[in-house]
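The block underneath contains the structure these notes are about, expressed in structure tokens.
The values are calculated or read from the model by the stated rules, or taken from the named source; none is laboratory data. Predicted, not measured: the structure shown is a model, and the values here were computed from it. Because the Cβ atoms are built from the backbone with ideal geometry, glycine has one as well, and the counts that use them run over all protein chains shown.
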Amino acid sequence: MSGKPDVQAQTAVRKLAEGLWLVRLPLPFPLRWVNSYVWEGRDGLTVVDPGLHDDPTKTAWREAFRTLGRDVRDVRRIVLTHYHPDHYGMAGWMQQASGAPVYLTVEGRDVARRFWDPAYKQGAALADFFRTHGMTETWAAQMAPHLDQLREWVEPHPVVTPMAEGNAIPLGDRNFRVLVTPGHADGHVCLYDPEDGMLVAGDLVLPRITPNVSLWPGCDPNPLQSFLASLERVARLHVREVLPGHGEPFADLGGRVAALRAHHDKRLEAMERHIGPDGTTAFDVCVKVFGEALSVHDMRFAMAETLAHLVYLEEQGRLRRERRGDVWVFVRA
């Protein structure tokens, strides 16, 4: 993990439209910041994706509420696009401070508990999962401690009010429709206002970087397939403005979706190209594509993303899996 960012440099509160504010929240890793959106309505504030639970984010929210002339007690609802810590983590703290309900899909709630409740031992499960795909012990032994230390960023957990496909969620004085768009995360949602053509995209579509698509134990067995289907779905919508989880709001949804598709086509070709004549483990493919000069955080995502692409190729009939001792090997079909 990198050091904590300078809150003053990273925090920004910007009015996007009447009753709509972008709050930029600091992150202690390379993404640097995450977007939260605040809608002002007749009944108070709605917050989408309140960030990590850490001291810099608390400071950022105090500054944001001061800028808005509001208080955390004015928050009437909290909406989460997905369970990842940089979007979910502050929800429990904000709920306790405001009494507001927290909306998340059932899938998102359940995976959050699986990842962050110590009773599930997800860190150990992840290490074992990576070992069966060829990860060296030097790397695998670091996975459980790394995942476990992230728990402080998500506790306390919120009491979740489930939301589902097609539900209407008030953002300000307008109702947005819930679109379940998995792939980047199980239970990920976008929020869509068809009248205004506004899409709150979470991390499905980002303006400059490619959302990570990862295979995790106990989660979506083919997340890249889900991700590409979700992209196709939102590409068919009439969208005037996209509010992403990271980066600046943007308008060209179709162009960005096309670029993401092209990126994954190239990544699939690269992964397939690294499968040797006698087969190759996912870890060996990962090292060939991403290298090993990575932090534990980055290696975790690199390995999980490699697996997502290899499993997609397997489902497409381009690769198959063979068990060799304790390890799975991918071979050309």
| said: Among the numbered criteria (1) closer than 19 Å to Leu25 by Cα; (2) in a loop (DSSP other than H, G, I, E, B); (3) touching a strand residue (DSSP E or B) at 6+ places or on another chain (Cβ under 6 Å), which one does Pro56 miss? | reply: (2)
| message | Given the options Val239, Val296, Val213, name the one that is in contact (Cβ under 8 Å) with a residue 24 or more places away in the chain and over 30 Å from Arg324 (Cβ atoms). | response | Val239
| request: Being buried (at least 24 other Cβ atoms within 10 Å of the Cβ) and in contact with an Asp or Glu (Cβ under 9 Å, 6 or more places away or on another chain) is the filter; apply it to region 185-202 and report the residue that is nearest to Gly247 (Cα to Cα). | output: Gly202
| query | List, please: which pairs have Cβ atoms under 8 Å, are six or more places apart or on different chains, and start with a residue in region 24-38 that is on the phi > 0 side of the Ramachandran plot and of a type outside the set (Phe, Trp, Tyr) and end with one that is surrounded by fewer than 19 Cβ atoms within 10 Å (Cβ to Cβ) and not in a strand (DSSP E or B)? | reply | Arg32/Pro5; Arg32/Gln10
| query | Residues of region 20-53 being part of a loop (DSSP other than H, G, I, E, B), among the acidic types (Asp, Glu) and at pLDDT 95 or above, which ones? | reply | Asp49
| request: Considering each residue of region 303-332, count those that are without any contact (Cβ under 8 Å) to a residue 60 or more places away in the chain and in contact with a Lys or Arg (Cβ under 7 Å, 6 or more places away or on another chain), and give that number. | output: 4
| Do we have His246 as more than 18 Å from the chain's Cα centre (by Cα) and over 30 Å from Arg323 (Cβ atoms) here? | no
| request: Would you please list the contacts, defined by Cβ atoms under 9 Å and residues six or more apart or on different chains, that run from a residue in region 48-59 that is under 11 Å from Gly89 (Cα atoms) to a residue that is among the β-branched types (Val, Ile, Thr) and in a helix (DSSP H, G or I)? | output: Pro50/Thr57; Gly51/Thr57; Thr57/Val7
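When you look at His87, is it part of a loop (DSSP other than H, G, I, E, B), at pLDDT 95 or above and not small (Gly, Ala, Ser), yes or no?
On the way: part of a loop (DSSP other than H, G, I, E, B): no; at pLDDT 95 or above: yes; not small (Gly, Ala, Ser): yes.
The answer is no for His87.
When only residues in region 161-187 that are touching a Ser or Thr at 6+ places or on another chain (Cβ under 7 Å) and free of Cβ contacts under 8 Å to residues at least 60 places away in the same chain count, which is nearest to Met198 (Cα to Cα)?
Thr181
For region 129-146, give me the residue count where each residue is under 20 Å from Ala282 (Cα atoms), part of a helix (DSSP H, G or I) and not aromatic (Phe, Trp, Tyr). Let's see the steps before the verdict.
Here is the first cut: in region 129-146, the ones under 20 Å from Ala282 (Cα atoms) are 129-144.
Still in the running and part of a helix (DSSP H, G or I): 129-131, 137-144.
Now restrict to residues that are not aromatic (Phe, Trp, Tyr): 131, 137-138, 140-144.
Total meeting the criteria: 8.
If you check Arg62 against the conditions, is it closer than 18 Å to Cys190 by Cβ, surrounded by fewer than 24 Cβ atoms within 10 Å (Cβ to Cβ) and among the charged types (D, E, K, R)? Full working, then the answer.
Details: closer than 18 Å to Cys190 by Cβ: no; surrounded by fewer than 24 Cβ atoms within 10 Å (Cβ to Cβ): yes; among the charged types (D, E, K, R): yes.
No; evaluated as a whole, the condition is false for this residue.
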| query | Looking at Val257, Val289, which is the one that is in contact (Cβ under 8 Å) with a residue 40 or more places away in the chain and among the β-branched types (Val, Ile, Thr)? | reply | Val257
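Restricting attention to region 251-292, report how many residues are of a type outside the set (A, V, I, L, M), under 14 Å from Pro211 (Cβ atoms) and surrounded by 17 or more Cβ atoms within 10 Å (Cβ to Cβ). First the steps, then the outcome.
Looking only at region 251-292, we keep the residues that are of a type outside the set (A, V, I, L, M), and these are 252, 254-256, 261, 263-267, 269, 272-274, 276-281, 283-284, 286, 288, 290-292.
Within this subset, residues satisfying the condition of being under 14 Å from Pro211 (Cβ atoms) are 256, 261, 263-264, 267.
Then keep just the ones that are surrounded by 17 or more Cβ atoms within 10 Å (Cβ to Cβ); that gives 256, 264, 267.
Qualifying residue count for the region: 3.
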| Residue list for region 222-245, restricted to those being out of contact with any Pro (no Cβ under 8 Å at 6 or more places or on another chain) and either under 29 Å from Leu310 (Cα atoms) or at pLDDT below 95 (or both) | Asn222, Leu224, Gln225, Leu228, Ala229, Leu231, Glu232, Arg233, Val234, Ala235, Arg236, Gly245
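Out of curiosity, is Thr281 free of Cβ contacts under 8 Å to residues at least 40 places away in the same chain, of a type in the set (Ser, Thr, Tyr) and closer than 22 Å to Ala125 by Cβ?
Values: free of Cβ contacts under 8 Å to residues at least 40 places away in the same chain: no; of a type in the set (Ser, Thr, Tyr): yes; closer than 22 Å to Ala125 by Cβ: yes.
Here the answer is no, as Thr281 does not meet what is asked.
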| field | Among (1) among the hydrophobic types (A, V, I, L, M, F, W, C); (2) under 20 Å from Ala308 (Cα atoms); (3) not in a helix (DSSP H, G or I) - the single one Leu126 does not satisfy | value | (3)
